[in-house]
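Scroll down for the structure; my scribbles are underneath it.
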Amino acid sequence: MSLLSVQDLAVARGGIRAVEGVTFAVSQGEALILRGPNGVGKTTLLRTLAGLQPPVAGTIEAEPDAIAYAAHADGLKGALSVAENLRFWARIFGRDKIDASLSAMNLTDLAERPAAHLSAGQKRRLGLARLLVTGRKVWALDEPTVSLDTASVGLFASSLRAHLAQGGAAIIATHIDLGLPEARMLDLSDLRAQPGRAARPAGFNEAFA
Amino acid sequence: MSIWEYANPVKFMRLSGRVLPWVAIGAAICIASGLVWGFLTPPDYKQGATVKIIFLHVPAAMMAINIWAMMLVASLIWLIRRHHVSALAAKAAAPVGAVMTLIALITGAIWGQPMWGTWWEWDPRLTSVLILFLFYLGYIALWSAIDDADTAADLTGWLCIVGSIFAFLSRYAVLFWNQGLHQGASLSLAPGERMSAVYRYPLYLSMLGFGLLFLALVLVRTRTEIRRRRLAALIAREVRA
Amino acid sequence: MIALFARDIRLATRAGGGFGLGLGFFLILCTLVPFGVGPSGATLALIAPGILWVGALLACLLSLDRIFALDHEDGSLDLLATAPIPLEGVVVIKAAAHWITTGLPLVVAAPIFGLLLHLPAIAMPWLVAALLIGTPALSLLGAFGAALTVGLRRGGLLLSLLVLPLYIPTLLFGAEVVRRGMVDAAPLTPLAFLGAITLLSCALVPFAGAAVLRVNLR
């Protein structure tokens, strides 16, 4: 059974469609890796899947509240400790256990440290630990391995594999090899929107082109 | 064929280009004849020659409020039906409305000096026009602060809705706060309060002229906005390619 | 939702959170005004309601841009928008947290500032009541303004241009309550209007604010 299925989706950035005709489905235990050069629309597609912006055309079918989104910014507060940050997000998503997520990302020793004093890689790990506490089935990840060292990438890949093994799914925009040979690829550069054949303009820049 | 057809930029450009000269000529004729006729009216028995400023003041004050109402309608059309021309028309109308508000305030002050002995009085009507001017300023500032046209159109649309509610509230709140010097509405349907026909007809002509002037200015400015959006769209496509 | 509320309060009260800045500003304003208008108690008492209300308005305005801007910068707002709580709820909670950290201290401290400005004792309860009922509207309308300008780099000045006109009815009725309270002339009437404006803001701002936030997030 598919957790998320997308039909003929078109997404827009800056009032112009970036990619169109995106069709895929991910089932339990599947990972989909988005590829394509900078600016092709990977981030825009992920934000649309997460519900942060409306699609220009097409449909996204998923259970309500199925998708957890993680982007370049981790949503951390420097004044709060690692545990406080994580506990906050856990409570927002209606959960309270954070110990497993802390240890999965090797943050247990840093739990009481203020997030402001973390290194970039440690912050990133905390941002990924936030994904674990959401308890959501589908992860939509935008460049999750930025500023992670090799060991941390391995840590992330293993928790991703554990997530998939538990019946989760993931859609990941990344340029590096995560060591997931079973993951499917979707190259967005083939789906670049063609100018001037939209039934409905995506924004001012299309309405007046 | 529905009225929404004219929300299509191409059709709007074609139609507005055709009617614009006639509207502009009509506005010029009405305002010129209304003001000349108004200037030749006899002095009022109480107010003397100062009464003649109403041929500028009343139409400007009327337009100040009605332009905001037009912006509210255009914003609602944009937010509900997503017609791009509607959002641009609201944007185009705002500076015209602000200038009309300013004309109403300045002519009011010029008239107030000989009549009430003061340039400015915190009278409810004056105050609410000043408040309206502040709302125009905020609306124009928000449009110019945002680069992305889609975001700007949506945000200013919402500001216009919330602003309308609070401008309306302020209008009645100031009545509570100060009872005021200003006379009642210049044009009233109640018998006995009506202005003499000597003044009324040139005033009607001048009001019609101001209405046509507003229409002409909004058409010109909307056409400019459409051309500007088209230019921006071409540049955006060039950058993307 | 409670978690978000608790976090915002905690962030505001920790170092660098800006808690108490509004109160300090209010104190400075009430100290500066007598230097400007002279030390005469009668003059000060006459303008005290207006000064206190304008001071509350400006103190509230100071911290408005923090309501959403910080969460927007660090990405929390994106994550909150995808969380299982409605964005309308986020707006209400954020406005409530702003009121607790900015509006409520002003309400509590207002009698002291009233004393500085020679506000008659008979008007004190009315000052507190008016601020208690009126300042939630300031936080709510401010949250709408903050949501409008959240994506802008230099939104602070624009924010005040957008929000201050919205504050006019609140200011007008709020100061009227205190003025009437000074002479004991039916201050309940403007107080009722003040309550009506706060309730209207409660009804309107969550939806308008959330709609505007969604536009800014896309």
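What follows is calculated from the coordinates using simple rules that are stated; it is not laboratory data. What you see is a predicted model; the values in this text were computed from it and never measured. Cβ: placed from backbone, ideal geometry, glycine included. Neighbour counts: every protein chain shown.
Some notes on this structure:
- Tail weight of P(r) past 23 Å, computed on alpha-carbon pairs of chain B, percent: 56
- Overall form of the protein assembly as shown per C-alpha gyration tensor (a/c, 1.5; a/b vs b/c): oblate
- Rounded to the nearest Hz, the phi-derived 3J(HN,Hα) couplings of segment C:44-49 under the Karplus curve 6.51 cos²θ - 1.76 cosθ + 1.60 (θ = phi - 60°) are 4, 4, 5, 9, 4, x, where x marks glycine and proline.
- Mean sequence separation of contacting Cα pairs (under 8 Å, at least six apart), scaled by the length of segment B:60-135, corresponds to a relative contact order of 33 percent.
- Amide H contacts of A:Tyr69 (H built 1.01 Å from N, in plane; Pro and chain starts excluded): A:Ala140 sit under 5 Å, all sequence-distant by 5 or more or on other chains.
- Nonlocal amide H pairs with A:Arg35, under 5 Å, H built at 1.01 Å: A:Leu186, A:Asp187, A:Leu188
- Rounded to the nearest 20, the size of the Cβ-charge dipole of segment A:76-135 about its Cα centre is 220 debye, with Lys and Arg at +1 and Asp and Glu at -1.
- Rg over Rh [alpha-carbon atoms, Kirkwood Rh] for segment A:76-135: 0.91
- By the beta-carbon count within 10 Å of each Cβ, the least crowded to most crowded order of B:Arg221, C:Arg179, C:Arg153, A:Arg184, fewest first, is C:Arg153, A:Arg184, B:Arg221, C:Arg179.
- Listed by Cβ neighbour count within 10 Å, with the fewest neighbours leading, A:His117, C:His72 appear as A:His117, C:His72.
- Partner aspartates and glutamates whose Cα lies under 13 Å from the Cα of B:Lys52, excluding those fewer than 8 positions away in the same chain, are identified as B:Asp44.
- Close amide H pairs (under 5 Å, H built 1.01 Å from N) link A:Arg17 with A:Ala202, residues at least 5 positions away or on another chain.
- Secondary-structure-derived ellipticity at 222 nm for chain B, considering helices only, amounts to -28000 deg cm²/dmol, per-run term -39500 (n - 2.57) for DSSP H runs with n ≥ 4.
- Look at the dipole of the protein assembly as shown built from charges on Cβ: of C:Ala130, B:Phe135, C:Val107, the Cα furthest out on the positive end belongs to B:Phe135.
- Test item: Cα-centred dipole of the protein assembly as shown, Lys/Arg +1 and Asp/Glu -1 on Cβ, debye: 1200
- Among B:Val174, B:Val96, B:Val129, residue whose mean-square fluctuation peaks in a GNM of chain B (springs only between Cα atoms under 10 Å): B:Val174
- For segment A:50-63, the Karplus equation 6.51 cos²θ - 1.76 cosθ + 1.60, evaluated at θ = phi - 60°, returns couplings of 6, x, 7, 9, x, x, 6, 8, x, 10, 10, 10, 7, 5 Hz by residue, with Gly and Pro reported as x.
- Value of relative contact order over segment B:1-117, rounded to a whole percent, pairs C-alpha under 8 Å and six or more apart: 28
- Cross-link pairs exceeding 20 Å in C-alpha to C-alpha distance, out of A:Lys42/A:Lys97; A:Lys123/C:Lys94; A:Lys77/A:Lys123, comprise A:Lys42/A:Lys97; A:Lys123/C:Lys94.
- For segment C:13-110, the dipole from Cβ point charges (+1 on Lys and Arg, -1 on Asp and Glu) about the Cα centre works out to 380 debye, to the nearest 20.
- Averaging the sequence gap over all C-alpha pairs within less than 8 Å and six or more residues apart, then dividing by the number of residues, gives segment A:76-135 a relative contact order of 49 percent.
- Each of B:Phe133, C:Phe26, B:Phe168 has some number of other Cβ atoms within 10 Å of its Cβ, and from fewest to most they run B:Phe168, B:Phe133, C:Phe26.
- Neighbour net charge for A:Pro114 - beta-carbon separation under 15 angstrom, K R +1, D E -1: +2
- Across segment C:156-164, coupling constants 3J(HN,Hα) worked out from phi with the 6.51/-1.76/1.60 Karplus curve, θ = phi - 60°, read x, 5, 4, 4, 5, 5, 7, 8, 4 Hz, and Gly and Pro carry x.
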